[in-house]
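Notes follow once the structure below has been shown.
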Amino acid sequence: MNKVIKMLVVTLAFLLVLAGCSGNSNKQSSDNKDKETTSIKHAMGTTEIKGKPKRVVTLYQGATDVAVSLGVKPVGAVESWTQKPKFEYIKNDLKDTKIVGQEPAPNLEEISKLKPDLIVASKVRNEKVYDQLSKIAPTVSTDTVFKFKDTTKLMGKALGKEKEAEDLLKKYDDKVATFQKDAKAKYKDAWPLKASVVNFRADHTRIYAGGYAGEILNDLGFKRNKDLQKQVDNGKDIIQLTSKESIPLMNADHIFVVKSDPNAKDAALVKKTGKRMDFK
């Protein structure tokens, strides 16, 4: 009996030593990751990032959305285009986030005060001030602000959250696949339908042919009318309708209307084209 007890004590002591070693190993591994340097290639060059950034500043809405989706609440972000200063759908996640100017004109002084360890910018908006931003903190940049998949991949790598970024994109792909399956079942030979996204403003009307909305509609399987597709092929993402003659550009089976401006008066130009596209 005493031998058994002695063996149990020795075994327990051995396990405790192993646990201690494992704990130290995990701590060392975590410490090493915090000290690791990651080289990130992006639209404005290559940036070295030490460890996992914790104080992040995002300079376009797409980057802010991705940061929150990856579990990172920015210390600084630019003002929203509408529902200022923060969009309703995300403002609760940005309670402690400081507004640092607007997308086309970030406030460098306010950004510097936040002492960020990572800035996420875009070439299309911030190319002229990129060098100044880089002096404040390591700065990575996407080419444009519309391609959310590129933003997700870049930020996943920069934040040390590549697995989380992959999971996020997979979740999106799964939802797209489900939508396509339901759409084909509902519309049969009529699928794919043509779609367009129209934004009515107080002083003009525009079509989002490409960009964020266009990319999502394309992924879902929608098509554009022939004239609109030509515009996209020529590199135009946002098209301003300058006359009644250009109205056919928005022609589609389904027109998605974005009325972000309360003073917009042209929405009546779009007639109801069919039932809501509800898929369960």
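The values are calculated or read from the model by the stated rules, or taken from the named source; none is laboratory data. Remember, it's a predicted structure, so these values are computed and weren't measured experimentally. Don't worry about glycine lacking a Cβ; one is built from the backbone with ideal geometry, like all the others, and counts go over all protein chains shown.
Could you check the stretch 103-129 and list, in sequence order, the residues that are touching a Pro at 6+ places or on another chain (Cβ under 7 Å) and assigned to a loop (DSSP other than H, G, I, E, B)? Once the filter is applied, which keeps residues that are touching a Pro at 6+ places or on another chain (Cβ under 7 Å) and assigned to a loop (DSSP other than H, G, I, E, B), the stretch 103-129 yields only Asp117.
For Leu217, indicate whether it is in contact with a His (Cβ under 7 Å, 6 or more places away or on another chain) and hydrophobic (A, V, I, L, M, F, W, C). Taking the combined requirement at face value, the residue does not satisfy it.
Within the stretch 178-186, is there a residue that is closer than 25 Å to His254 by Cβ and among the β-branched types (Val, Ile, Thr)? Yes, there is a match, as at least one residue in the stretch 178-186 is closer than 25 Å to His254 by Cβ and among the β-branched types (Val, Ile, Thr).
Does the stretch 84-96 hold any residues that are in a loop (DSSP other than H, G, I, E, B) and surrounded by 13 or more Cβ atoms within 10 Å (Cβ to Cβ), and which are they? Steps first, answer last, please.
Our first condition is that a residue be in a loop (DSSP other than H, G, I, E, B); within the stretch 84-96, this holds for 84-90, 95-96.
Within the stretch 84-96, Pro85, Lys86, Phe87, Ile90 qualify.
When restricted to residues that are small (Gly, Ala, Ser) and in contact with an Asp or Glu (Cβ under 7 Å, 6 or more places away or on another chain), the stretch 123-150 contains 1.
Has the stretch 61-70 got any residue that is closer than 24 Å to Lys128 by Cβ, more than 13 Å from the chain's Cα centre (by Cα) and without any contact (Cβ under 8 Å) to a residue 60 or more places away in the chain? The answer is no, given that none of the residues of the stretch 61-70 is closer than 24 Å to Lys128 by Cβ, more than 13 Å from the chain's Cα centre (by Cα) and without any contact (Cβ under 8 Å) to a residue 60 or more places away in the chain. Here Val129, Val68, Val120 are screened, and the one residue that is crowded, with 21+ Cβ neighbours inside 10 Å, at pLDDT 95 or above and not assigned by TED's automatic domain parsing to the domain that holds Ala213 is Val120. Among the residues of the stretch 197-237, the ones that are assigned to a loop (DSSP other than H, G, I, E, B) and in contact with a helix residue (DSSP H, G or I) (Cβ under 8 Å, 6 or more places away or on another chain) come to 6 in all. Among all residues of the stretch 270-277, there is none that is modelled with pLDDT of 85 or more and more than 16 Å from Asn199 (Cα to Cα). Can you confirm whether Lys244 is at pLDDT below 85 and touching a strand residue (DSSP E or B) at 6+ places or on another chain (Cβ under 9 Å)? For Lys244, the condition - at pLDDT below 85 and touching a strand residue (DSSP E or B) at 6+ places or on another chain (Cβ under 9 Å) - is not met. When restricted to residues that are within 16 Å of Asp233 (Cα to Cα), surrounded by fewer than 18 Cβ atoms within 10 Å (Cβ to Cβ) and polar (S, T, N, Q), the stretch 175-221 contains 1. The set of residues in the stretch 156-196 that are under 23 Å from Tyr208 (Cβ atoms) and part of a helix (DSSP H, G or I) comprises Leu168, Leu169, Tyr172, Asp173, Lys175, Val176, Phe179, Gln180, Ala183, Tyr187. Looking only at the stretch 175-184, decide whether some residue is under 17 Å from the mean Cα position of the chain (by Cα) and in contact (Cβ under 8 Å) with a residue 40 or more places away in the chain. The answer is yes, given that some residue of the stretch 175-184 is under 17 Å from the mean Cα position of the chain (by Cα) and in contact (Cβ under 8 Å) with a residue 40 or more places away in the chain.
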